[in-house]
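Asks: Structure provided below as structure tokens; questions to follow.
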Amino acid sequence: MQLRYSFRLYPSAGQRAALARAFGCARVVYNDALRARETARAGGLPFPKTGDLSKLLITEAKKTRERAWLADVSAVVLQQSLRDLDTAYRNFFDGLKGKRPRMGPPRYKSKRDSRQAVRFTANARWSLTPGGKLRLPKIGDVDVTWSRHLPSAPSTVTVVRDSAGRYFASFVIETGSQETLAGSPAEIGVDLGLTHFAVLSDGTKIDSPRFLRRVEKRLKKAQRDLSRKKKGSANRARARLRVARAHARVADARREFHHQLSTRLIRENQAVAVEDLVVHGLARTRLATSVHDAGWSAFVAMLEYKAARYGRRFVRIGRFEPTSQVCSVCGVKDGPKPLDVRKWTCGACGSTHDRDANAAVNVALAAGLAVSARGAQVRPAPVPAPRGEAGTHPKLTPTAA
């Protein structure tokens, strides 16, 4: 499988200017190609192919006065911009055919977009220097902060500038079966929530860090300061950068928490089961801020790809499975319960359940995992013994017929 490894870049002032030119040239080629295809569609003409667009908008355009500055950047960056447009169209048409979730048609890019990126393939002849720097064509040797070793030689590198003004190098790595972990007898179900981020079927409860909620007041103040600045001024640009950096710190902390927890669950368990949550539906309720702060979709995506990477089993059960309504001891469905009911007693067997722990056990059982309610705070309530079993049983004295 292919993975991405991201590392922080620290380009110099001249290298930042060169990267800005690369971002701008890639954006112009993308918009020119999109305009050419939309014009052909509106005129009922055949759809222009990528090869024809490359010759017209890159090779021939460099010879004109209006687009002569395209020669200041690597030609690979411009070619990859056309491939990005092909991917955008393919995703749009696949959504119309039902092959993937529906998405809108490709849109024009703006220099004010919060994220700018260019991609270098092997044809661009980029390399890693012996001193640990990233050598990019027509940009130079850029300082990289290496937080880990790359497991194999990367095939491509994407340079990204985010909304907070930070630069990153994203390497595409091909991994194989050498990363498969040794087998583990443990299997676990995971119930995701807001009070606790995750409750496991073995009774473990993981508190929700609530990264956004903890800095909400600080973010509101920064946003108010931004709204009071004059549009187009340098003060507004600095205020916008402060807001973006505050949100970036929250996103980084949340991503780190997701990575640590997902890696731990995958390493310790042979199989992991989760429920398929309707996040976009919950995000339209009064719990929207808390739902987005939890980041369930990103966490489940990490579990899925790490399970495939390390040879584990990942199971996603249906969203209509009544995990909070079924008793994990006797299997009787006890009906829906409001969110404020955190503990309940089964009317059939008398077992007292913690709502989240019982749901985690049911998630595992619905996935066919060999788990039980061990440590899941399931407490049998006192039930009167049947009359025939009460007390002792003295020996019966035979009677004469």
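Asks: Using the Karplus equation 6.51 cos²θ - 1.76 cosθ + 1.60 (θ = phi - 60°), what ³J(HN,Hα) coupling, rounded to whole Hz, does each residue of the range 326-340 give in order, writing x for Gly and Pro?
Replies: My calculation for the range 326-340 gives 9, 6, 6, 8, 10, x, 7, 7, 9, x, x, 9, x, 5, 6 Hz in order.
Asks: Now a separate question. What's the center-to-center distance, using Cα atoms, between the range 92-110 and the range 203-228 in Å?
Replies: 33 Å
Asks: Let me ask another. If you count only protein heavy atoms and use a 1.4 Å probe, how large is the accessible surface of residue 57, to the nearest 10 Å²?
Replies: Spelled out: residue 57, probe radius 1.4 Å, area about 30 Å².
Asks: Among all the lysines, which ones have a C-alpha under 28 Å from residue 343's C-alpha, if same-chain residues fewer than 8 places away are not counted?
Replies: In chain and number order, the partners are 205, 333.
Asks: Another question about this same structure. From the Cα gyration tensor of the range 169-271, with a ≥ b ≥ c the square roots of its eigenvalues, which class applies: rounded if a/c is under 1.5, or else prolate if a/b is larger than b/c, or else oblate?
Replies: The shape class here is oblate.
Asks: Once you sort the root eigenvalues of the Cα gyration tensor of the range 158-206 as a ≥ b ≥ c, which label holds: rounded (a/c under 1.5), prolate (a/b larger than b/c) or oblate (the other case)?
Replies: Cα axes put the range 158-206 in the oblate bin.
Asks: Once a ≥ b ≥ c are taken as the square roots of the eigenvalues of the Cα gyration tensor of the range 1-105, is the result rounded (a/c under 1.5), prolate (a/b larger than b/c) or oblate (a/b not larger than b/c)?
Replies: Cα axes put the range 1-105 in the oblate bin.
Asks: Same structure, new question: Using just the helices of the chain, give the 222 nm mean residue ellipticity in deg cm²/dmol: DSSP H runs with n ≥ 4 each add -39,500 (n - 2.57), and the total is spread over all residues, rounded to 500.
Replies: Values: 10 runs with 146 residues, N = 401.
Value at 222 nm, helices only: -12000 deg cm²/dmol.
Asks: Let me ask something else about it. Taking the alpha-carbon distance from residue 62 and a cut-off under 28 Å, which lysines remain once sequence neighbours fewer than 8 residues away in the same chain are dropped?
Replies: Partners within reach: 49, 109, 111, 138.
Asks: Okay, moving on. Quote the accessible area belonging to residue 38 in square angstrom, nearest 10, computed with a 1.4 Å probe and with ligands, DNA and RNA left uncounted.
Replies: In the full protein context, residue 38 sits at about 60 Å².
Asks: Anyone know which of 295, 51, 318 comes out most mobile in the 10 Å Cα GNM of the chain?
Replies: 51
Asks: With θ taken as phi - 60° and the coefficients 6.51, -1.76 and 1.60, list the Karplus ³J(HN,Hα) couplings across the range 59-72 in order, rounded to whole Hz; mark glycine and proline as x.
Replies: For the range 59-72, the Karplus-derived couplings read 5, 6, 5, 5, 7, 9, 6, 5, 10, 5, 6, 5, 6, 6 Hz, x marking Gly and Pro.
Asks: Just want to confirm a number: the relative contact order over the chain, from Cα pairs under 8 angstrom separated by 6+ residues, in percent.
Replies: Details: 588 pairs, mean separation 60.4, N = 401.
So the answer I get is 15 percent.
Asks: While we're on this one: Specify the inter-centroid distance of the range 4-34 and the range 124-177, based on alpha-carbon positions, in whole Å.
Replies: After rounding, the separation between the Cα centres reads 13 Å.
Asks: Also: As a test of reading the structure, rank 240, 112, 309 by solvent-accessible area (1.4 Å probe, protein chains only), most first.
Replies: 112, 240, 309
The values are calculated or read from the model by the stated rules, or taken from the named source; none is laboratory data. Just so you know, these numbers come straight off a predicted model, no measurement behind them. Ligands, DNA and RNA are excluded from the accessible area calculation, which covers all protein heavy atoms including side chains. Shrake-Rupley method; radii C 1.70, N 1.55, O 1.52, S 1.80 Å.
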